[in-house]
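The values are calculated or read from the model by the stated rules, or taken from the named source; none is laboratory data. What you are looking at is a predicted structure, and each value in this text was computed from that prediction instead of being measured. Don't worry about glycine lacking a Cβ; one is built from the backbone with ideal geometry, like all the others, and counts go over all protein chains shown. These area figures cover heavy atoms from the full protein model, side chains too; ligands, DNA and RNA do not enter into them. Shrake-Rupley method; radii C 1.70, N 1.55, O 1.52, S 1.80 Å.
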There are 2 protein chains.
Amino acid sequence: MAKISSPTETEWCIESLIAVFQKYAGKDGYNCSLSKTEFLSFMNTELAAFTKNHKDPSVLDRMKKLDVNSDGQLDVPEFLNLIGGIAVACHDSFLKAVPSQKWT
Amino acid sequence: MAKISSPTETEWCIESLIAVFQKYAGKDGYNCSLSKTEFLSFMNTELAAFTKNHKDPSVLDRMKKLDVNSDGQLDVPEFLNLIGGIAVACHDSFLKAVPSQKWT
């Protein structure tokens, strides 16, 4: 049998993000996209700290901006744009908070 | 003291992806972007299974495509485009492998 090694941290993150998407996307039976209700459920459960602490547009306004093809649903690439946007914002905050190491 | 709750799975993934980026980006002392050497180290360590199992262009060709601003480095948004692209491909493969649930 082929040896299966345990996933790396990056692989684990990719798997987990897909699993989280499918968990919420599957609530109404169609597991390829997040409906408005599913997106609200995801945001209020998985990113509650983020939605509470930021002076952001409302959660559904945010969904409208992410919904590039305007079908009223978020597919995987649209969902990952949200995750990527949050990660970039977190990284920027981190760099502002911690003295930057530049070409030491 | 304010109560700090443990991170959700999504928050944990976001934190981990930033930590992985910074781990590899910090190898040459400048922790805001991945140089070619750092990107190769990241790909060969964190995504070795992916680079070995796919008939992809070489790792550095892949970096060139991700490097939108052509500065020879990958910043956080460019890095996250790679992660997002892999996650979308994984999700698509999963949907092909598992019978789709449609409006059950």
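For the range A:69-104, filtering for residues that are more than 13 Å from chain B (Cβ to nearest Cβ) and either at pLDDT below 90 or open to solvent by 60 Å² or more (accessible area, probe 1.4 Å) (or both) leaves 3. Taking the range A:6-21 as the search range and keeping residues that are over 16 Å from A:Leu47 (Cα atoms) and surrounded by fewer than 22 Cβ atoms within 10 Å (Cβ to Cβ), which one is modelled with the lowest pLDDT? Ranking the qualifying residues of the range A:6-21, first place goes to A:Ser6.
Could you give me the residue pairs with C-beta distances under 9 Å whose first residue belongs to the range B:20-35 and is without any contact (Cβ under 8 Å) to a residue 24 or more places away in the chain and within 7 Å of chain A (Cβ to nearest Cβ), whose second residue is of a type in the set (Phe, Trp, Tyr) and open to solvent by 20 Å² or more (accessible area, probe 1.4 Å) wherever it lies, and which are 6+ apart or on separate chains? Correct list of pairs: B:Gly29/A:Trp103; B:Tyr30/A:Trp103. B:His54 meets each of the listed conditions (1) more than 13 Å from the chain's Cα centre (by Cα); (2) open to solvent by 40 Å² or more (accessible area, probe 1.4 Å); (3) modelled with pLDDT of 90 or more apart from (3). Taking the criterion of being assigned to a loop (DSSP other than H, G, I, E, B), within 17 Å of the chain's Cα centre (by Cα) and either of a type in the set (S, T, N, Q) or over 19 Å from A:Gly84 (Cα atoms) (or both), the only residue of the range B:73-101 that qualifies is B:Gln73.
Pairs linking a residue in the range B:69-82 that is farther than 14 Å from B:Tyr30 by Cβ to a residue that is polar (S, T, N, Q) and modelled with pLDDT under 95, with Cβ atoms under 7 Å and 6 or more positions apart or on different chains, do not occur.
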